[in-house]
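J.: Okay, handing you the structure first.
The values are calculated or read from the model by the stated rules, or taken from the named source; none is laboratory data. Bear in mind the structure is a predicted one, so any value in this text is a computation, not a measurement. Here the Cβ is made from the backbone with ideal geometry for all residues, glycine too, and neighbour counts use every protein chain on show.
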Amino acid sequence: MVPFGGWEMPLHYGSQVSEHQVVRTDAGLFDVSHMRVLDLSGSDALLFLQSLLANDVARLKKPGKALYSCMLRPDGGVLDDLICYFVAKNQYRMVVNAATADKDLSWMTRQSDGYRLELVARRELAMIAVQGPNARAKTLPLLPPGLREAAGLEPFHGLGHGDWFIARTGYTGEDGFEIILPQSQVVGLWERLIKAGVSPCGLGARDSLRLEAGMNLYGNDMDETISPLECGLAWTVAWEPEGRDFIGREALQRIADNTERRHFTGLLLEDKGVLRQSMALFAGERVVGEITSGGFSPSLQRSIAMARVSADAGEDLQVELRGKRLPVRRVKLPFVRNGKAMFDF
């Protein structure tokens, strides 16, 4: 057990590598109750979220549809990355990160001044994730009757029934569900899933899985000093319609216009060793960037990383390991999709 965002979390249940592989080949179970669920309702909910988030929630037309977005400071830095669900007219649900949850709630409360809405932190709810190619098949028979329609959920869609909410989302690069439910019922569901052959997994596997999938981790790959344009999340910024003046838009436009802004890239170590966060990257004798997340990839049996590099860094980069400069290869993200490498090596 290790401290994580104010919680005590399992690093692993015996073997991080085994837990990683079971998610890639079968089904794994994660306790993600540290994530904070926030419910937003009111006649101004849409207008508020269109101002608050860099992505545009007006794109959500169908109940249950979700989008991923960054919530920005006025200078374009990322306060948090989150998922927002359209529940019904004037009703939305957001899931935010544990380490930033209190800060997020405080920020949203301040920004909501003048809007007609109610923001509620649902601390009485727990959350678990079932991920892997067999996750949905093993989960569906265990759901309450009112959620059996989850069998037809499309990716990035959710379905609610009472205090339960299930979404076809995740943080592993595999298919599966994230399930929000009352604390009083989560242990029972957890035990039924284990009995059905779903393996419990810890933070270690969650991190190596998301790294292979090329997914950002708040506090590593981005934070309040980094814009979404410098951490591979430009696709989450909705520039249209032009009249939507979301917080941070003006600053983001200046960053977008700067041809010298840093680039976000994947790296593959060409030698033995393990790439780690904060390692400097070199082009010759010049430092041109830094690793933001790194580790060993069980799927590739190689060390991989995500990094932020200068616009003129080039392709021939090195990292310093054990007193030696070793070559790293720039690759497009993600590293792994559906359990298979996305490039030749």
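J.: Considering region 292-309 alone, what residues qualify as being polar (S, T, N, Q), part of a loop (DSSP other than H, G, I, E, B) and within 21 Å of the chain's Cα centre (by Cα)? Walk me through it before giving the result.
T.: In the first step, residues of region 292-309 are kept if they are polar (S, T, N, Q); the result is 292-293, 297, 299, 301, 303.
From what's left, part of a loop (DSSP other than H, G, I, E, B): 299, 301.
Correct list: SER299 only.
J.: A further question on this structure: Tell me the residue from ARG254, ARG244 that is farther than 14 Å from THR292 by Cα and in a helix (DSSP H, G or I), please.
T.: ARG254
This table checks each residue for (1) assigned by TED's automatic domain parsing to the domain that holds LYS195; (2) of a type in the set (Ser, Thr, Tyr); (3) within 28 Å of ALA27 (Cβ to Cβ); (4) surrounded by 16 or more Cβ atoms within 10 Å (Cβ to Cβ).
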site: LEU72; (1), (2), (3), (4): yes, no, no, yes
site: ILE83; (1), (2), (3), (4): yes, no, yes, yes
site: ASN90; (1), (2), (3), (4): yes, no, no, no
site: ALA99; (1), (2), (3), (4): yes, no, yes, yes
site: LYS103; (1), (2), (3), (4): yes, no, no, no
site: PRO133; (1), (2), (3), (4): yes, no, yes, yes
site: THR139; (1), (2), (3), (4): yes, yes, yes, yes
site: ALA150; (1), (2), (3), (4): yes, no, yes, yes
site: GLY162; (1), (2), (3), (4): yes, no, yes, no
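J.: For LEU46, which of the numbered conditions (1) assigned to a loop (DSSP other than H, G, I, E, B); (2) surrounded by fewer than 22 Cβ atoms within 10 Å (Cβ to Cβ) fails to hold?
T.: Of everything listed in (1) assigned to a loop (DSSP other than H, G, I, E, B); (2) surrounded by fewer than 22 Cβ atoms within 10 Å (Cβ to Cβ), LEU46 misses just condition (1).
J.: Separate question: Test ILE194 against the criterion of being part of a strand (DSSP E or B) and in the same structural domain as VAL23 (by TED's automatic domain parsing), and give yes or no.
T.: Numbers: part of a strand (DSSP E or B): no; in the same structural domain as VAL23 (by TED's automatic domain parsing): yes.
In short, no.
J.: Residues being within 28 Å of ASN338 (Cβ to Cβ) and in contact with a strand residue (DSSP E or B) (Cβ under 9 Å, 6 or more places away or on another chain): count how many of those fall in region 266-308.
T.: Step one: list which residues in region 266-308 are within 28 Å of ASN338 (Cβ to Cβ), which gives 266-277, 291-308.
Pick out the ones that are also in contact with a strand residue (DSSP E or B) (Cβ under 9 Å, 6 or more places away or on another chain) and you get 266-277, 291-297, 299-300, 302-308.
Total satisfying the criteria: 28.
J.: Next question. Can you name the residue in region 306-345 that is modelled with pLDDT of 95 or more, closer than 30 Å to VAL22 by Cβ and of a type in the set (Lys, Arg) and is also surrounded by the most Cβ atoms within 10 Å (Cβ to Cβ) among such residues?
T.: Applying the filter and picking the extreme gives ARG329.
Yes or no, residue by residue, for (1) part of a loop (DSSP other than H, G, I, E, B); (2) buried (at least 20 other Cβ atoms within 10 Å of the Cβ); (3) not β-branched (Val, Ile, Thr):
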| site | (1), (2), (3) |
| --- | --- |
| GLU260 | yes, no, yes |
| PHE264 | no, yes, yes |
| VAL274 | yes, no, no |
| GLN277 | yes, no, yes |
| PHE282 | no, no, yes |
| GLU290 | no, no, yes |
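J.: Still on this structure, please answer the following. Kindly check whether there is at least one residue in region 142-153 that is touching a strand residue (DSSP E or B) at 6+ places or on another chain (Cβ under 9 Å), over 21 Å from ILE194 (Cβ atoms), in contact (Cβ under 8 Å) with a residue 12 or more places away in the chain and part of a loop (DSSP other than H, G, I, E, B).
T.: yes
J.: Could you check region 86-121 and list, in sequence order, the residues that are part of a helix (DSSP H, G or I), over 20 Å from the mean Cα position of the chain (by Cα) and either under 18 Å from GLU178 (Cβ atoms) or without any contact (Cβ under 8 Å) to a residue 24 or more places away in the chain (or both)?
T.: Matches in region 86-121: SER106, THR109, ARG110.
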